[in-house]
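Asks: Supplied in structure tokens, the structure appears directly below.
The values are calculated or read from the model by the stated rules, or taken from the named source; none is laboratory data. From a predicted model like this one, the values you see are computed outputs, not experimental measurements. Don't worry about glycine lacking a Cβ; one is built from the backbone with ideal geometry, like all the others, and counts go over all protein chains shown. SASA here: full protein model, heavy atoms, side chains in, ligands and nucleic acids out. Shrake-Rupley method; radii C 1.70, N 1.55, O 1.52, S 1.80 Å.
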Amino acid sequence: MSVLIFHRVLTTPDPLFPGEVDSERFDELLDWIGGAFNVMPLSTGLDALKAGTLPTRAAAITFDDGYADNLTNAAPLLKAHGMSATFFIATGFLDGGIMFNDMIIESVRRTPHEALSLEALGLAHLPVNTTEDKRRAIDAILDKVKFLPQAQRAEAAALVRDRASVELPTDLMLTSTELIRLRDCGMEIGAHTMTHPILTRVSAAVAKAEIEDGRDRLEELLEQRIRVFAYPNGKRGRDYGDEHVKMVRDAGFDFAVSTDWGVARQGSDLFQLPRFTPWDRSRLRFNARLAKNMLQANKV
């Protein structure tokens, strides 16, 4: 079973991130995916995998984090293609929140300044006058910030915002009401912690609370059991370890997904299931890379 991973579906292409999926591109991808696979809800497919009844060419579609465009753009297109997806929600950003990476991206995007001075991050002079300047600046800042301890990461993102002299958007992420609407239109909801920490960078107590509190918030909002979990960032060893797998299992989830390449199959660890989405722009290359991912996984 191939499990595909997305984050956003933009209304129109983003000049800063031309590779980001927009509505037209997602519509095209769903056409390709539907032509190559039997697409099913993640939990349905994993239940069948566990029972040994998974159909051939099975696939599931997943989204991480909880962006508002998952409801406005992704869900209508999924429904138009007769598909559903699983949306993993970092609950701490519902109702007006913003993730640290988006704080940095939107600060650089919106700044009226021609350059930013971020000496505290070792970036004394970052030109931000053109689209190319802005993209280089974003990459440089994220490279410095991404793996900082959570509190320092938040402070660094706030510093960028302040130096950029901007007001940040409050509508990037889903509201609680929108999350309920997403579930009600036939989409599965999964847990993705509260504030998206890299679990290996926080204490065991914090990691356990993030995993359980994120689940509890979703179950409170949706009044249903949450069966699936996605590790933030999701690379085994770097972003989560065996202790976190045990925490997820002990929290009562049925399945968990990573972002390591591969496919789910009989004998796979149901709490470390791989996900993979090709980045190719042509249908032939997209399908070829999916096939290569499956073949490589079968050799493991």
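Asks: Which sequence of MET247, MET173 reflects their accessible areas, 1.4 Å probe, from the largest down?
Replies: MET247, MET173
Asks: Roughly speaking, what is the centre-to-centre gap between the range 132-157 and the range 242-300 when only Cα atoms are used, to the nearest Å?
Replies: 28
Asks: Averaged per residue, what accessible surface does the range 145-300 expose to a 1.4 Å probe, in Å²?
Replies: With all protein chains present, the range 145-300 gives 49 Å² per residue.
Asks: What are the principal axis extents of the Cα atoms in the range 196-247, in Å, biggest first?
Replies: 33, 18, 18
Asks: Treating cross-link reach as a plain straight distance, find the aspartates and glutamates whose alpha-carbon is under 16 Å from the alpha-carbon of LYS144, omitting any fewer than eight places away in the same chain.
Replies: ASP102, GLU119, GLU155
Asks: What does the charge count near ASP269 come to, summing +1 for each Lys or Arg and -1 for each Asp or Glu among other residues with Cβ under 14 Å from its Cβ?
Replies: So the environment of ASP269 carries a net charge of +3.
Asks: While we're on this one: Please identify the longest segment of the chain free of exposed chymotrypsin sites (Phe, Trp or Tyr not before Pro), where exposed means a DSSP state other than H, G, I, E or B and no more than 16 other Cβ atoms within 10 Å.
Replies: 1-146
Asks: Of LYS146/LYS246; LYS79/LYS134; LYS50/LYS292; LYS50/LYS246, which ones are farther than 28 Å apart at the Cα?
Replies: Too far apart for the 28 Å limit: LYS79/LYS134.
Asks: Then there is this: When only C-alpha pairs under 8 Å and at least 6 residues apart count, what is the relative contact order of the range 71-162, in percent?
Replies: Working: 71 pairs, mean separation 23.9, N = 92.
For the range 71-162, the relative contact order is 26 percent.
Asks: Still on this structure: Relative to the compact-globule scaling 2.2 N^0.38 Å, provide the ratio for the alpha-carbon radius of gyration of the range 26-122.
Replies: Details: Rg = 19.0 Å, N = 97, 2.2 N^0.38 = 12.5 Å.
Dividing the Cα radius of gyration by 2.2 N^0.38 Å gives 1.52.
Asks: Carbon and sulfur atoms: what percent of the 1.4 Å accessible area of the range 214-300 do they account for?
Replies: It is 51 percent, rounded to a whole number.
Asks: For the range 3-83, what is the charge dipole size about the Cα centre, in debye to the nearest 20, if Lys and Arg each add +1 at the Cβ and Asp and Glu each add -1 at the Cβ?
Replies: Result for the range 3-83 is approximately 420 debye, rounded to the nearest 20.
Asks: Further question: Report the FRET efficiency, 1/(1 + (r/R0)^6), for LEU295 and ASP171, where r is their Cβ-Cβ distance and R0 is 41 Å, rounded to 0.05.
Replies: Numbers: r = 42 Å, r/R0 = 1.03.
Step by step, r from the Cβ atoms, then E = 0.45.
Asks: Now a separate question. From the helices alone, meaning DSSP H stretches of at least four residues, give me the mean residue ellipticity at 222 nm for the chain, per-run term -39500 (n - 2.57), in deg cm²/dmol to the nearest 500.
Replies: The helix contribution divided over the chain gives -13000 deg cm²/dmol.
Asks: Toward the positive end of the charge dipole of the range 242-300, about the Cα centre and with charges on Cβ (Lys, Arg +1; Asp, Glu -1), which of PHE276, PHE253, LEU295 goes farthest?
Replies: LEU295
Asks: Determine the dipole magnitude for the chain: charges of +1 sit on the beta-carbon of Lys and Arg, -1 on that of Asp and Glu, nothing else is charged, the reference point is the Cα centre, and the result goes in debye to the nearest 20.
Replies: Numbers: 36 positive and 42 negative charges, 239 e Å.
Computed charge dipole of the chain: roughly 1140 debye.
Asks: How big is the charge dipole of the range 70-188 about its Cα centre, in debye rounded to the nearest 20, if each Lys and Arg gets +1 on its Cβ and each Asp and Glu gets -1 on its Cβ?
Replies: In total the dipole reaches around 180 debye.
Asks: Another question, if that's okay. Which value, in Å² rounded to 10, gives the accessible area of THR175 with a 1.4 Å probe and all protein chains present?
Replies: 50
Asks: Further question: If exposed means no more than 12 neighbouring beta carbons inside 10 Å and the site is in a DSSP loop, what's the longest run of the chain without any exposed GluC sites (Glu not before Pro)?
Replies: Working: sites that count: GLU114, GLU167, GLU223.
Counting only loop sites that pass the neighbour cut-off, the longest clear stretch is 1-113.
Asks: Given Cα pairs under 8 Å that are at least 6 residues apart, what percent is the relative contact order of the range 201-300? Write out the running numbers ahead of the final one.
Replies: On the way: 109 pairs, mean separation 20.4, N = 100.
Normalised by residue count, the contact order of the range 201-300 is 20 percent.
Asks: Per residue, what accessible area does the range 1-84 have, given a 1.4 Å probe and all protein chains present, in Å²?
Replies: That works out to 39 Å² for each residue.
Asks: Still on this structure, please answer the following. Let me check against my output: what whole-number percent is the relative contact order of the chain, with C-alpha pairs under 8 Å and at least 6 apart?
Replies: It comes to 19 percent, rounded to a whole number.
Asks: OK, next. Need the C-alpha centroid separation for the range 65-104 versus the range 172-199, integer Å.
Replies: 7
Asks: Here's a follow-up. Counting Lys and Arg as +1 and Asp and Glu as -1, what is the net charge of the other residues whose Cβ lies under 12 Å from the Cβ of ALA137?
Replies: Numbers: positive: ARG109, LYS134, ARG135, ARG136, LYS144, ARG163; negative: GLU114, GLU132, ASP133, ASP139, ASP143.
Within the 12 Å Cβ shell, the charges total +1.
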